[in-house]
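The values are calculated or read from the model by the stated rules, or taken from the named source; none is laboratory data. Remember, it's a predicted structure, so these values are computed and weren't measured experimentally. Backbone-built Cβ (ideal geometry, glycine too); neighbour counts: all protein chains shown. Remember, those area values only see protein heavy atoms, side chains included, never the ligands or the DNA or RNA. Shrake-Rupley method; radii C 1.70, N 1.55, O 1.52, S 1.80 Å.
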Amino acid sequence: MPVTPRVLVQAAPFDLAAETARLQGGRTDVGGLASFLGICRGDGGLVAMVLEHYPAMTERALTRIAEEACARWPLTGCTVIHRHGRLVPGDPIVLVLTASAHRAAALESCAFLIDWLKTKAPFWKREEFAGGAERWVEAKAEDDAAAERWAR
């Protein structure tokens, strides 16, 4: 039976334990649950990161990426939550949870989702630094290379 991923784009923080419990939901067919929690770093004097997006476009793109993971692996559940707005170091940014009967599918699909979200999710990121300096975050070649390993 095809899995419908749960995809949310929100400003509010999320609760890792609650989301994990929701995905597992007392099911006995889940043998492995993989997770990734992305957190805003404070490298180089960063005081905040502002993530901007167009809501309908972003939700559609993230849903397509999650549906691709569900099509490629035998998942029993999939959750993707991505925040937007102004985030400070230590704030959670993104949560990916994947569940499957077996660990390999859960782990591989989680890695796929993170790689594709990093390169294909339509967010514009602006970094704010101590002293008032700001800069837009550019795409990184290493992120593109990581995503490319999943090309079919």
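Values for this structure:
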item	result
Any hit, segment 84-94, residues being within 23 Å of T4 (Cα to Cα) and hydrophobic (A, V, I, L, M, F, W, C)	yes
Residues satisfying the stated conditions in segment 16-32, i.e. touching a helix residue (DSSP H, G or I) at 6+ places or on another chain (Cβ under 9 Å) and either open to solvent by 40 Å² or more (accessible area, probe 1.4 Å) or under 30 Å from R126 (Cβ atoms) (or both)	G31
Residue in segment 96-104 that is open to solvent by less than 70 Å² (accessible area, probe 1.4 Å), out of contact with any Leu (no Cβ under 6 Å at 6 or more places or on another chain), at pLDDT 95 or above and not hydroxyl-bearing (S, T, Y) present	yes
R41, sole failed condition from (1) open to solvent by less than 80 Å² (accessible area, probe 1.4 Å); (2) out of contact with any helix residue (DSSP H, G or I) (no Cβ under 8 Å at 6 or more places or on another chain); (3) under 24 Å from G90 (Cα atoms)	(1)
Scope segment 36-85; condition among the aromatic types (F, W, Y), over 16 Å from the mean Cα position of the chain (by Cα) and at pLDDT 95 or above; matching residues	W73
Residue among E138, E142, E108 that alone is more than 26 Å from R22 (Cα to Cα), assigned to a helix (DSSP H, G or I) and open to solvent by 60 Å² or more (accessible area, probe 1.4 Å)	E142
K125 outside any loop (DSSP other than H, G, I, E, B), open to solvent by 10 Å² or more (accessible area, probe 1.4 Å) and touching a Leu at 6+ places or on another chain (Cβ under 7 Å)	yes
So S35, is it of a type in the set (S, T, N, Q), in contact (Cβ under 8 Å) with a residue 12 or more places away in the chain and open to solvent by less than 30 Å² (accessible area, probe 1.4 Å)	no
Tally, over segment 1-15, of residues that are crowded, with 16+ Cβ neighbours inside 10 Å, over 12 Å from H82 (Cα atoms) and either at pLDDT 95 or above or charged (D, E, K, R) (or both)	1
